[in-house]
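Undergrad: Handing you a structure now.
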């Protein structure tokens, strides 16, 4: 059991994800201390070129071109391997293990090629090789598959595992743009890996599918035993034909297991997916993975499959797990208990929203005006109005939606509407819930 | 550190979830031994009535009406509290803690009412109180929120947290059936809790929303500080009006956090959710939860929110976590490494599927017949065919979809089609991916 009060993190590779990891470690240092009881300090990072300008600047004395010196630094407790590539990354990882250090990685290619050797080496050394960030960026697929759904076997796992190809297909689909045009944009946006085959020919998704196949079935499938096809042959004509068949074409990774014959198959290919599947509706740079387990049925996870923050978030969740392990504790990280100074229940005046109202009223002239007036008194303005007479009952339904107001005002308005002459019962009130209004609060 | 080679599980409450937990513990006993290095043996269960007939029968000597005797049995290492209710469940849980035993629970009402006291008692006793099954059944929302997304704060969490009310709304929506009619069916199917307010008045969803609010924000919100409304006032007229507004009415739990003012609000209410949200499309008994984090962006999880197997699966994932903790190990459960005897890569003849083909051919009579004939030779029959002339190039596109065949046959067919006179390039081949074909393999 490690009882250090400070743990130092070394980051190999200071690109997008490396910088994001450093940034979030620093920004939330108080949170790590509260939930882990230790300070987590990003201490050193390695780069290929010292002169390159970086969006996120750190003290130059923390930076080196010598990754091995970080791995071997006795002050560094935890290593994040974010340099990518195979040979150097593998050597550094094995060296860290032999020094008794756990390694966190986002390197799907390395795991796909040498996972068997690396996991065994970590086990022998009694350290962890943690890789949540290697598959589907911010989507916690590794932990869900390995821990949460541990009671299951998986006849089928499938989904969108590469955001760049999905971005291209989505724009072709939505705008009728050609593959080449969208590819040009994607390159400009920095979405396409330097080795374009990774994104366009399905290779990156195949690495991820192989890792999921191993987690689900305990078996490393060789890439040469898999079908790996990319998106280059998909035309706008195909997208239209797929629509006619009530499908969308998506580049999916598929891991199938037949229990009768004990076969596993792994493949990555463009496929026509029925339009009502969540995976078919997972658009743009988003990833989505559908897991069908023998116990749980089908669980689907969607989210950002790449990008600085989501991927760094996965790296950090692995760091937290590794620290818990070093502390000899299998408890989840402690919950923060906030004080009323830090946070309190919102008063109803502060809970904003738009509302849907249905009133049953006597079908006589002027009712709608009275209702609108009543709402205006409470500072509530209307977005839409419709009135339908109900011939049988000599009453009418008035359906209203409001612009932004708050729970307090609408509560007062409802109470006074109920008292209004000709209103037959307590008005029906539902909330108009647009999640995009609240996400950026 | 506990080095026992056998761990005995006591199950308080032998209803749907209790029986499911027992069943899966027994059915997969080999798996638990392989991944945990210990035997996990369900040993005793408590019931309210010994005479009641149960779908899943166990040795009568394992059954008692005295739950406390299980908690206090020195042979029982781990306790699953699945009796529900508040007072007795709380006493039994605290007694288990005081005996140094971890407790796994699905009891959202108890956690909502007394979570603060119970979590503190577990911490003091150095044991775990694990509750994955308490929110959203088989969806691993607790672990994802607490561990995977640990780097985030959450401006918004919302979703469908009660399957019964969602089932009723979905049938009203899809069939135009009335609330009362569908409620009758739901009662017959055993979907509705004995205390109907839990499902119909939003109380069950509110318990879950309060738990998520605590996990996300470290704060127990009192139910009296929350808006809790159910589905009884939703009419078919409202569902139609919502459709006109491009929305669906769903009973959602909403946890909002304003960082500017440091307010948290928790509510459960029917809301008009924009139709393109995954949550709006989460129908029937399914649950779905959308988490918006400051680092990860939006992650959505959907799956079965109740039912014997999914909920038992969550109980078992908690048991596995608890056992890892007892072993003083924070490593995830070991992966099964299968031997080629147990499982191997599927040969292409065994990978079945339907396919989409696009051929560019000379626009001359008889081409389609030749193509169809060629496919028939390989045992492939056609599902749909369409041919579009391209006037500019004197060629035509033939788009075909096939009935079920396999990767081997379609590969041979493609090779021979490419050689066919008048076929201009290698045919484009995509898979028709219908996940429902593979889920039950």
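Every read-out reported here was derived from the displayed coordinates using simple, explicitly stated rules and does not represent laboratory data. Computed from a predicted model, the values in this text were never measured in an experiment. All Cβ positions, glycine included, derive from the backbone under ideal geometry; neighbour counts span all protein chains shown.
Undergrad: Mind jotting down a quarter of the surface of the convex hull over the alpha carbons of the range B:319-376, in square nanometres, one decimal? Intermediate values should be presented prior to the final figure.
TA: Details: hull surface 34.4 nm².
Convex hull of Cα atoms, orientation-averaged projection: 8.6 nm².
Undergrad: Rounded to the nearest 5, what % of the DSSP beta bridges within the protein assembly as shown are antiparallel ones?
TA: Restricted to the protein assembly as shown, the bridges split so that about 70 percent are antiparallel.
Undergrad: Right, next: Using only the Cα atoms, what convex hull volume per residue in Å³ does the range A:83-127 have? Could you put the intermediate results ahead of the total?
TA: Numbers: hull volume 2.6 nm³, N = 45.
Convex hull of Cα atoms, per residue: 57 Å³.
Undergrad: Turning to a different aspect of this structure: So if I average 1/r over every pair of distinct C-alpha atoms in the range A:318-423 and take the inverse, what Kirkwood radius in Å does that give?
TA: Working: mean 1/r = 0.0575 Å⁻¹.
One over the average 1/r among Cα pairs gives 17.4 Å for the range A:318-423.
Undergrad: A follow-up question, please. Of the DSSP beta bridges with both residues in chain A, give the percent that are antiparallel, rounding to the nearest 5.
TA: Bridges in chain A that DSSP calls antiparallel: roughly 70 percent.
Undergrad: Could you work out [θ]222 nm for the protein assembly as shown from helices alone, using -39500 (n - 2.57) per DSSP H run of at least four and dividing by all its residues? Round to the nearest 500 deg cm²/dmol.
TA: Estimated from H runs of four or more residues: -10500 deg cm²/dmol.
Undergrad: To continue, here is another question. Could you work out the Kirkwood radius for the range B:205-278, taking every pair of different alpha carbons, averaging 1/r and inverting it, reported in Å? Each step should come with its number before you reach the end.
TA: Numbers: mean 1/r = 0.0743 Å⁻¹.
Evaluated over the range B:205-278, this radius sits at 13.5 Å.
Undergrad: Here's a follow-up. How much of the pair distance distribution for the protein assembly as shown lies past 57 Å, counting alpha-carbon pairs only, in percent? Before the final figure, lay out the partial values.
TA: On the way: 46742 of 388521 pairs.
Of all Cα-Cα distances in the protein assembly as shown, 12 percent exceed 57 Å.
Undergrad: Also, I was wondering about something else. Quick check: pseudo-label points 7 Å beyond the Cα along Cα→Cβ at residue B:54 and residue B:335, how many nm apart are they?
TA: 3.7
Undergrad: Here is a follow-up. With every atom except the alpha carbons ignored, what do you get for Rg and Dmax of the range B:142-304, in angstroms?
TA: Just the Cα atoms of the range B:142-304 yield Rg and Dmax of 15.7, 48 Å.
Undergrad: May I pose another question? What is the distance in Å between the Cα centres of the range A:152-179 and the range B:100-144?
TA: 37
Undergrad: Considering only C-alpha atoms, what is the centroid distance from the range A:1-78 to the range A:383-397, in Å?
TA: 65
Undergrad: What percentages, rounded to whole numbers, describe P(r) for the range B:347-387 computed over all alpha carbon pairs with 10 Å bin width beginning at zero?
TA: So the P(r) values, bin by bin, are 22, 52, 21, 5.
Undergrad: How would the range B:149-227 be classified by its alpha-carbon gyration tensor: rounded, prolate or oblate, with rounded meaning a/c under 1.5 and the a/b versus b/c comparison settling the rest?
TA: Here the range B:149-227 falls in the prolate category.
Undergrad: Using 1/(1 + (r/R0)^6) with R0 = 30 angstrom and r between the beta carbons of residue A:174 and residue B:425, what's the FRET efficiency to the nearest 0.05?
TA: Working from the Cβ atoms, E equals 0.65.
Undergrad: Can you run the Rg to Rh ratio on chain A? Use alpha carbon positions and the Kirkwood inverse-distance Rh.
TA: That ratio is 1.08, to two decimals.
Undergrad: Taking all pairs of distinct Cα atoms, average 1/r, flip it, and tell me the Kirkwood hydrodynamic radius of the range A:49-179 in Å to one decimal place.
TA: Details: mean 1/r = 0.0572 Å⁻¹.
With all distinct Cα pairs of the range A:49-179 included, I get 17.5 Å.
Undergrad: Another question, if that's okay. Kindly provide log₁₀ I(q)/I(0) values, in the same order as q = 0.17, 0.19, 0.24 Å⁻¹, from the Debye equation applied to equal alpha-carbon scatterers of the range B:1-108.
TA: Normalising to I(0) and taking log10 leaves -0.77, -0.96, -1.42.
Undergrad: Hey, another quick one. Looking at the range B:142-304, send over the antiparallel percent of its DSSP beta bridges, to the nearest 5.
TA: Roughly 95 percent of the DSSP beta bridges within the range B:142-304 come out antiparallel.
Undergrad: If you find the alpha carbon centre of the range B:261-336 and of the range A:333-361, how far apart are they in angstrom?
TA: Measuring centre to centre over Cα atoms gives 21 Å.
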